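Scroll down for the structure; my scribbles are underneath it.
The values are calculated or read from the model by the stated rules, or taken from the named source; none is laboratory data. The structure displayed is predicted, hence computed values, not measured ones. Here the Cβ is made from the backbone with ideal geometry for all residues, glycine too, and neighbour counts use every protein chain on show. With ligands, DNA and RNA removed, areas are computed over all heavy atoms of the protein, side chains included. Shrake-Rupley method; radii C 1.70, N 1.55, O 1.52, S 1.80 Å.
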Amino acid sequence: MFSSATRGLLFILSSQRFIVANKQHISTPPGGDQKESKKKGEASSSEVPSMPAKVWQPGVDKLEEDEELQCDPSAYNSLHAFHIGWPCLSFDIVRDQLGLIRTEFPHTVYCVAGTQAENASWNYIGMYKLSKISGKRRDLVPNKSNDNDSEADSDGSSSDEDEDAQDDAQPPVLQLRKVSHQGCVNRIRSMPQSPHICASWADTGHVQVWDFTSHLNALAENEADVSTGASTSFSMDPIIKFGGHKDEGFAIDWSPLVPGRLLSGDCKNSIHLWEPLSSGTWKVDATPFLGHKLSVEDLQWSPTEADVFASCSADGTIAIWDTRLQRTPAASIEAHKADVNVISWNRLASCMIASGSDDGTFSIHDLRLLKGDSRVAHFEYHKQPITSVEWSPHETSTLAVSSADNQLT
């Protein structure tokens with residue numbers, strides 16, 4: 001079911017929107033009856049006109065004491081929520097054989113995520129299958145019409161059809177398989193060429209590679225009509241467990257060009273190269289790549305050159321490396337005045353790298369301009385640290401940016 005021949009999966013979520021609504025406070029008088037006071041509260045609340053809801057802008061608007069945020073479902077093509085237990089700091093989409101471009105509901109998606117449990121022994125890596133995902137069927141490009149009335153009628157009809165489709169849709173099904181993991185999972189990544197092979201970074205300072213073939217195949221073969229969750233975790237050994245890093249880390253990336261080639265970077269500025277062996281395991285180079293002054297925050301392989309990769313650091317720089325050269329950077333870019341948290345290498349325009357910083361800014365760098373100022377665009381929209389950047393796999397000049405200011409742009 002899950003092999004090197006699998007195809008990719010892309011999910012597009014519309015922008016998040018919240019509305020502000022007034023809270024109604026219902027109090028119980030001392031010694032009074034709860035049911036009676038509730039009725040009185042309902043009667044009195046009808047006499048006070050409620051304020052109209054308005055769109056809330058993160059980082060701009062502030063919430064008053066009598067206001068609360070409510071999600072506006074109309075902002076989403078598809079919105080579903082599931083409670084899976086412990087929080088997860090990292091997840092990855094697991095590629096499958098269901099097709100690269102998916103436009104028709106219902107959808108199915110496979111994911112892998114790692115927990116951040118209260119006790120180290122309670123952690124696990126979860127493999128999830130979400131099926132029967134319903135949503136609104138919207139045109140990618142809205143129809144244009146010179147007749148405003150006809151357009152309004154058309155939009156209204158489409159909206160009614162969407163609502164009918166939503167009413168008729170079955171609730172999504174969540175299926176879960178757990179594998180015990182010692183320590184919190186800082187980051188987890190599925191290999192593009194062999195999605196059942198996953199690498200995890202633990203807060204214990206270990207990087208591990210796992211083979212989840214049996215678990216993913218079990219999910220793929222199970223066509224349950226009800227939501228299911230694993231009450232117990234399976235115990236299994238990783239293919240390899242590397243403890244050569246000096247500290248825990250978050251940076252890890254699989255090569256898109258050489259199956260099995262892996263990079264891992266830690267909070268002590270070291271980067272290690274993993275080379276796959278014919279025996280099905282890995283050889284980790286004990287000599288690290290050293291060039292950053294502080295923690296390595298993110299790693300990205302070049303989409304076109306098998307021996308070239310980029311790293312970013314809390315020292316404010318982006319480094320370009322060539323594995324065939326000495327263990328020092330081939331080039332270094334002064335990218336931001338604060339920590340560089342994340343980078344993304346453009347798969348369609350390989351000369352472009354996007355970077356996001358702790359100061360809320362993000363930039364675009366042109367690698368053809370390394371001898372001068374490589375920064376060709378700089379944005380100061382977000383108010384809090386940038387937590388993720390990702391180039392579109394379809395549009396050369398489009399990227400998504402998430403921030404601690406509760407916005408995805």
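Here are some notes:
- Restricting the range 187-203 to residues that are assigned to a strand (DSSP E or B) and open to solvent by 20 Å² or more (accessible area, probe 1.4 Å), the residue that is farthest from Asp266 (Cα to Cα) is Arg189.
- Qualifying positions in the range 278-310 - under 22 Å from Asp358 (Cβ atoms) and either loosely packed, with under 13 Cβ neighbours inside 10 Å or touching a His at 6+ places or on another chain (Cβ under 7 Å) (or both): Lys293
The rows are residues; the columns are (1) at pLDDT below 95; (2) outside any strand (DSSP E or B); (3) under 30 Å from Cys71 (Cα atoms).
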position: Gln300; (1), (2), (3): no, no, no
position: Ile318; (1), (2), (3): no, no, no
position: Arg327; (1), (2), (3): yes, yes, no
position: Asn341; (1), (2), (3): no, no, yes
position: Lys383; (1), (2), (3): yes, yes, yes
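So that you can scan it fast, the table gives a plain yes or no per residue for (1) aliphatic (A, V, I, L, M); (2) in contact (Cβ under 8 Å) with a residue 40 or more places away in the chain:
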| site | (1), (2) |
| --- | --- |
| Ile188 | yes, yes |
| Asp203 | no, yes |
| Thr213 | no, yes |
| Asn217 | no, yes |
| Ile240 | yes, yes |
| Ala251 | yes, yes |
| Leu262 | yes, yes |
| Lys268 | no, no |
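- Considering the range 375-409, the residues that are surrounded by 14 or more Cβ atoms within 10 Å (Cβ to Cβ) and in contact with a Lys or Arg (Cβ under 8 Å, 6 or more places away or on another chain) include one that is nearest to Ile333 (Cα to Cα), namely Trp391.
- Considering the range 74-118, and only residues there that are open to solvent by 60 Å² or more (accessible area, probe 1.4 Å) and part of a strand (DSSP E or B), the residue that is nearest to Tyr128 (Cα to Cα) turns out to be Phe91.
- Thr281 assigned by the TED database to the domain that holds Leu325 and among the β-branched types (Val, Ile, Thr): yes
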